[in-house]
Amino acid sequence: MRKLVADLVVLPLWRLIDRCVSKNPQRWAFCVHHLKSDQFVENARAVFESVKADPSLEKIVFTRGVPVTFTLEGAVNTRVLDLQSLAGLFALWRCKVLLVTHSVSMDLSMRWPPKRFSVVRPALKPRTIINLWHGIPLKKLLALANDEVRKHTDRVAFRRIERSHYAGLITSSAIDSHAMATMFHPITYDRVWVTGLPRSDFLVMPRQALPGYLRDGLARVERIKGDKTLIVYAPTYRQVTVAGAGYYQFSEQDAQAIRELLVRHNAILGIRLHYFKNSNEVFNIEQLIDGQHIVELDHQQFPDIACVLRGADLVVTDYSSVYIDALYVNKPVFSFAYDLEHYQQQQDGVLYDLDLVFPGPVVATPGALVQALDQELSAPAQVHSDRYRMARTLFFAHTDAGNCQRVVERIRQLA
């Protein structure tokens, strides 16, 4: 009933008034994560942290009907409002600057059980809309996705419309900017900003400058790690609705080989599966978590990947762009690409040839992965290689902690 009232009465009336209300360039709207609705993290949080103490800016963090527990220490002129409340809708009327990390359609939407939503659809032309996105893409997305995936993501027409109204789309390098411009068609290239990703600042800024939740998270990672080498395994999700797609199921023999590797090198394996659970099927490696050799580093314990990557010594993934984040802090990377051909042809696919952009080993079997990890742990060499340096040059125009500053400066010029 609440969704019906919102769709037929509240939101149509709100949109009529939204077209008439003047916008305040000093009122900036931030949003909780587009899927993890109880968390305010990553690029949006990084930009917020860089302006939170500015009394001239009114910052509003919009939540979506879910109780939140995050704290915003040191923030002035800041409110946290539920978008699914009259107070939230009234406040959004006057917001000139909208900062989203997925899309206006997703970030500013109301959520209803079970898995339903209402798109608010604010007026686009009178606003300054900045898409911070949520990573440097390795997978093919949006306009470059295969037909089935593209039809699903574009089932909300507003998501296609809004792309032409972005004042800025954040990217990390020249090659990333061209890939993003293509995926976000019909945005024009002059609105694609090569500023670096704001959340990358969290990877390299001094520890004492981190927000409290990241300092606490890093301390927890260090307690779990102790004196051991931490290998993080962070695979992406699979399009399980596609025939033949699935999550790797490790055998007991695989598990034993992994445990022997960990013991041999005084290491632990931290499992961080993707937050998007699109089926009941998962990697069965979760069942191997024992709290001693294999531990969990999930999104509830560690909402932001930054503290995990800062504490990691090696990073294993598949086609997740988490490996690119790892390059920012010079961590060896490994791709367990057990389904590369199927993923490339039938699922999301990857933008680049992994042989060109992935500086570490790309392997197809657990045995080959254990061998590659054993070699690097025995004689570390990857981060000093020419391939590694080339990959960093390819993906990062900036490698400092000034990404937020560059983004904020560009926004201020527009707003």
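Computed from Cα positions, the angle between helix 403-414 and the longest principal axis of the chain comes to roughly 20 degrees.
Relative to the longest principal axis of the Cα atoms of the chain, helix 366-378 runs at roughly 80 degrees. Using equal-weight Cα scatterers in the Debye expression, the normalised intensity of segment 193-241 in log10 at q = 0.14, 0.25, 0.32 Å⁻¹ is -0.58, -1.02, -1.15. Once the Cα atoms are used to define both axes, helix 252-264 deviates from the longest principal axis of the chain by about 80 degrees.
Compared with the alpha-carbon gap, the fully stretched path from residue 275 to residue 410 is longer by 45.5 nm at 0.36 nm per residue. For the pair residue 71 and residue 385, label points projected 7 Å from Cα toward Cβ lie 4.4 nm apart. Here segment 1-113 is assigned +1 on the Cβ of each Lys and Arg and -1 on the Cβ of each Asp and Glu. Its dipole about the Cα centre then comes out at about 340 debye.
Quote the FRET efficiency, to the nearest 0.05, computed for residue 260 versus residue 188 with a Förster distance R0 of 60 Å and r equal to the Cβ-Cβ distance. Please report the intermediate quantities before stating the final value.
Values: r = 55 Å, r/R0 = 0.91.
After rounding, the FRET efficiency stands at 0.65.
Taking mean projected area of the Cα convex hull in nm² as calculated from this structure, the corresponding entry among (i) 34.8; (ii) 44.6; (iii) 19.5 is (iii). Taking 0.36 nm per residue of sequence separation and removing the Cα-Cα distance, the residue 220/residue 371 pair yields an extension gain of 51.4 nm.
Neighbours of residue 364, meaning other residues whose beta-carbon lies under 12 angstrom from its beta-carbon, give a summed charge of -3 when Lys and Arg score +1 and Asp and Glu score -1.
Taking label points 7 Å from Cα along the Cα-to-Cβ direction, residue 90 and residue 378 give a separation of 6.9 nm.
Can you tell me the dipole magnitude for the chain around its Cα centre, using point charges on the Cβ only (Lys, Arg +1; Asp, Glu -1), in Debye to the nearest 20? Could you put the intermediate results ahead of the total?
Working: 49 positive and 42 negative charges, 434 e Å.
In debye, rounded to 20, the chain gives about 2080.
Each of residue 207 and residue 158 was given a label point 7 Å from its Cα along the Cα-to-Cβ line. The distance between the two points is 4.4 nm. Once the C-beta distance of residue 227 and residue 401 is scaled by a Förster radius of 35 Å, the resulting FRET efficiency is 0.80 to the nearest 0.05. Apply the Kirkwood formula to segment 217-395: the hydrodynamic radius equals the inverse of the mean of 1/r over all pairs of different alpha-carbon atoms; give it in Å with one decimal. Result for segment 217-395 stands at 16.6 Å. Figure legend: label point modelled 7 angstrom from the Cα of residue 364 along Cα→Cβ; residues of segment 335-352 with amide N under 11 Å from it are 337-342.
Quick note: the coordinates plus some simple rules give every number you see, no bench work behind them. Keep in mind the model is a prediction, meaning the values are calculated, not measured. All Cβ positions, even for glycine, are placed from backbone atoms using ideal geometry, and neighbour counts span all protein chains on display.
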